[in-house]
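The values are calculated or read from the model by the stated rules, or taken from the named source; none is laboratory data. What you see is a predicted model; the values in this text were computed from it and never measured. Here the Cβ positions follow ideal geometry from the backbone for every residue, glycine too, while neighbour counts run over all protein chains shown.
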Amino acid sequence: MSVIGQSAPSDVDDNSASEQVVTPVVRRSGVDRIFRSVATSSGVITFILMGLIGGFLLIKGYDALKVAGWGFLTDSEWAPDQGGKFGIAAILPFTVQIAVVALFIAVPVALSTALFITEYAPRKIRRLLTAMIDLLAAVPSLIYGLWGLFYLQPRLITLSKWMANHMGWVPFFHVNDEYGTSLGIFPSSTFVAGVIVSLMVIPICTAVMREVFSQAPPGEREGAMALGGTRWGVVRDVVLPFGRGGIIGGSMLGLGRALGETIAVTLIISPAFTAKWSILDQGSNSIAALIALKFSESSSFGISALMAAGLALFIITLLVNAAASTVVSKSRSGSSTEI
Amino acid sequence: MTSIDITSTATTRMSSDISLLDPGHQAAGLTANNVSCWFGAKKVLEGVNLDMAPGQVTALIGPSGCGKSTFLRTLNRMHELVPSATLAGEILIDGVDIYRGAIPVTDVRRRIGMVFQKPNPFPAMTVAENVLAGLKLSGLKTTRSERDDLIESCLSKAGLWNEVKNRLGDPGRALSGGQQQRLCIARSLAVSPQVLLMDEPCSALDPTSTRRIEQTISEISETVTVVIVTHNMQQAQRVSNRCAFFLAAENEPGRIIEEGPTKDIFTNPRDSRTNDYVNGRFG
Ligand SMILES: Nc1ncnc2c1ncn2[C@@H]1O[C@H](COP(=O)(O)OP(=O)(O)O)[C@@H](O)[C@H]1O
Ligand SMILES: [Mg+2]
């Protein structure tokens, strides 16, 4: 008897030592081979591209990193051109805070919008909404930024003040008393930036989630309906378990965009270089905004420092996505019941 | 004949006159009165009258495309899930119209269960969770011991208990096709339906699994009215008490050509087309 398989069964006992394990030989046809090499090389190109970007940032940032040493991770201020210290200890937390605020708003909104579109909306509204979401996802972030700056920012600060007054006991919403709580301290905050970034993240998250939810297997849906399931029951027991990967994937895509969002953040914030918990009062920052603000006025050493900051952003994004894809690969999304 | 606007009927009334988990529930009779169905402008079923008596097994036979599945799906309001679908006529369960709001649609579907052609266990759930899925979907609270009893009794009725009792925690999709289908039957039985609709439940299965399911049908038919679509003439003869023969002439909607006790349909049909079909001369 011979065993076909990738590896020998683990429970082979001694008296079966004569069994010959066969490594299956696959002979590929011409077309198959061509397709395979095209697909493989595309995959390889992705890797090379990532390596090139990472390598580029590392090489460009090397001068600055050499000077700063570990201080690059622990220093808050940013004065490479003045011969001062520079590090990401403040701008990285700010970057993450803005992204977290954005996702905190975007994920629930996107999730409910996607569920509404796929599960509850009448057919015509469904098409309209889908088209609108896709359209919104394609609007340049500058537009969101401008609209946020001129329309939303003045209106958000009332909310900021309300939150500071009523929820100030939460560290995130605490506003330092030395400023008082006049409206003037609220406009250029992490919170306002995060809200505006969330607006551009919502359509992307929604588009991804909607796409995945709409592919939930009809057989399972009908199975749930036929048991007397309500729509919510179908959502909970069929659509959400199936769409888990899409929820995570969509959120991560949004997080990537939020972490890297430049123009809207640059327009809103007033740059700060001291990390803080509070998100409501003025002063925030982000790596992307810092690069955009400083790029034109920096010496070559200053640019090297900005490249190092860019490298930090690149690594964070990679880590987040790697974590997400591990979670996604453990979920079932994309496969249906098989006989 | 007035067409029913399916979507506007009341579906939210909260009350259920059957108690789930009640073992003393009764098989219910279904009556179709002058049922016609459309997909968009296309009429696929016309003037169907059929009585499915309590505790009986009714087989629906006929060539592909004559509207058997469509008819079956009108019986528990699955038909209306197809966006363009409409229907006319009435379906009564124990004399009560299921379409005009007297019974909430979720109750209709709970009382009239359905087993599909392709086994569709919930892949994210274990074998045990699959059996209990209907209770969860209905938001019904049960105690641990009630659940354990229900899992064992339903899997036993579906002829699956002995095969899976040691793997209740495995995912439902890890079972074979035949086992998955019996799991789906067990799942349907767990909400104590009064009627069970089966759409070619064995068409994807091996002969052994098919026999097991036929056995199950015979066993449950005392407490559950069964309506089964089948292409297998032997199966129809083995499991059913009554038989309805559907046929659609070219470019015409399907109709019931003949209906009666299974024995008569197979040995002494009144219509020559029935005779031809059951003897394998077309379809
Ligand atoms: N979802 C649908 N949309 C449009 N037409 C359909 C749909 N389902 C079935 N039909 C049509 O209705 C007729 C009856 O189909 P069906 O009830 O599935 O037949 P059977 O189960 O007897 O094979 C067929 O002509 C089929 O093409
Ligand atoms: Mg069919």
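Checking B:Ser188 against (1) among the hydroxyl-bearing types (Ser, Thr, Tyr); (2) more than 14 Å from chain A (Cβ to nearest Cβ); (3) not in a loop (DSSP other than H, G, I, E, B), only one condition comes out false. Which one?
In the conditions (1) among the hydroxyl-bearing types (Ser, Thr, Tyr); (2) more than 14 Å from chain A (Cβ to nearest Cβ); (3) not in a loop (DSSP other than H, G, I, E, B), B:Ser188 misses (2) alone.
Residues B:Lys136, B:Lys165: which one is within 14 Å of another protein chain (Cβ to nearest Cβ), free of Cβ contacts under 8 Å to residues at least 40 places away in the same chain and surrounded by fewer than 24 Cβ atoms within 10 Å (Cβ to Cβ)?
B:Lys136
Quick check on my filter: what residues within the stretch B:92-119 are more than 16 Å from ligand 2 (Cβ to nearest atom), outside any loop (DSSP other than H, G, I, E, B) and touching a strand residue (DSSP E or B) at 6+ places or on another chain (Cβ under 7 Å)?
Across the stretch B:92-119, the qualifying residues are B:Leu92, B:Ile93, B:Asp97, B:Arg111, B:Ile112, B:Gly113.
Just name the residue that is farthest from A:Ala289 (Cα to Cα) out of those in the stretch A:216-266 that are away from chain B (no Cβ under 14 Å) and not in a helix (DSSP H, G or I).
This residue is A:Glu261.
State all residues of the stretch B:91-111 that are acidic (Asp, Glu), under 26 Å from B:Gln181 (Cβ atoms) and more than 7 Å from every other protein chain (Cβ to nearest Cβ); if no residue qualifies, say none.
Result: no residue meets the conditions.
Just the residues that are within 16 Å of B:Gly134 (Cα to Cα) and touching a Ser or Thr at 6+ places or on another chain (Cβ under 8 Å), please, taken from the stretch B:193-218.
Scanning the stretch B:193-218 gives B:Gln194, B:Val195, B:Leu196.
What do you reckon, is B:Glu250 within 16 Å of ligand 1 (Cβ to nearest atom), of a type in the set (Asp, Glu) and surrounded by fewer than 23 Cβ atoms within 10 Å (Cβ to Cβ)?
yes
Against the conditions (1) more than 20 Å from B:Ala28 (Cα to Cα); (2) touching a residue at least 60 places away in the same chain (Cβ under 8 Å), where does B:Val226 fall short? Just the number, please.
(1)
Looking at B:Asp199, B:Asp206 in this structure, which one is in contact with a Phe, Trp or Tyr (Cβ under 8 Å, 6 or more places away or on another chain), within 13 Å of chain A (Cβ to nearest Cβ) and not hydrophobic (A, V, I, L, M, F, W, C)?
The conditions single out B:Asp199.
Count, please, the residues in the stretch B:65-74 that happen to be under 25 Å from B:Asn279 (Cβ atoms) and either within 14 Å of chain A (Cβ to nearest Cβ) or more than 16 Å from ligand 2 (Cβ to nearest atom) (or both).
Number of matching residues: 2.
Quick check on my filter: what residues within the stretch A:75-133 are hydroxyl-bearing (Ser, Thr, Tyr), surrounded by 23 or more Cβ atoms within 10 Å (Cβ to Cβ) and not assigned by TED's automatic domain parsing to the domain that holds A:Val265?
none
Pairs, please: C-beta under 8 Å, at least 6 apart or cross-chain, first residue closer than 11 Å to B:Val115 by Cα and hydroxyl-bearing (Ser, Thr, Tyr) and in the stretch B:178-200, second away from ligand 2 (no atom under 16 Å from the Cβ) and part of a helix (DSSP H, G or I)?
B:Ser188/B:Gly134
Can you pull out the residues in the stretch B:45-64 that are part of a strand (DSSP E or B), away from ligand 2 (no atom under 16 Å from the Cβ) and not hydrophobic (A, V, I, L, M, F, W, C)?
Once the filter is applied, which keeps residues that are part of a strand (DSSP E or B), away from ligand 2 (no atom under 16 Å from the Cβ) and not hydrophobic (A, V, I, L, M, F, W, C), the stretch B:45-64 yields B:Glu46, B:Gly47, B:Asn49, B:Asp51.
With respect to A:Thr130, determine if the residue is among the polar types (S, T, N, Q), more than 21 Å from A:Phe273 (Cα to Cα) and in contact with a Ser or Thr (Cβ under 8 Å, 6 or more places away or on another chain).
no
Among A:Leu115, A:Leu49, A:Leu57, which is farther than 30 Å from A:Pro218 by Cα and modelled with pLDDT of 95 or more?
On inspection, the qualifying residue turns out to be A:Leu57.
This table checks each residue for (1) outside the structural domain of A:Thr113 (by TED's automatic domain parsing); (2) closer than 28 Å to A:Met167 by Cβ; (3) under 25 Å from the mean Cα position of the chain (by Cα).
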| residue | (1), (2), (3) |
| --- | --- |
| A:Gln215 | no, no, yes |
| A:Thr230 | no, no, no |
| A:Val234 | no, no, no |
| A:Leu280 | no, yes, yes |
| A:Ala292 | no, no, yes |
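Those residues that are more than 16 Å from ligand 1 (Cβ to nearest atom), buried (at least 20 other Cβ atoms within 10 Å of the Cβ) and among the small types (Gly, Ala, Ser), I need them from the stretch B:74-123; list them, please.
B:Gly113
Restricting attention to the stretch B:224-240, which residues are more than 9 Å from B:Val57 (Cβ to Cβ), under 14 Å from the mean Cα position of the chain (by Cα) and away from ligand 2 (no atom under 16 Å from the Cβ)?
Residue satisfying the conditions is B:Val224 alone.
Condition first: more than 7 Å from every other protein chain (Cβ to nearest Cβ) and closer than 11 Å to B:Leu75 by Cα. Now tell me which residues in the stretch B:112-129 satisfy that.
Selection gives B:Ile112 alone.
Does A:Ser286 qualify as being modelled with pLDDT under 90 and buried (at least 19 other Cβ atoms within 10 Å of the Cβ)?
no
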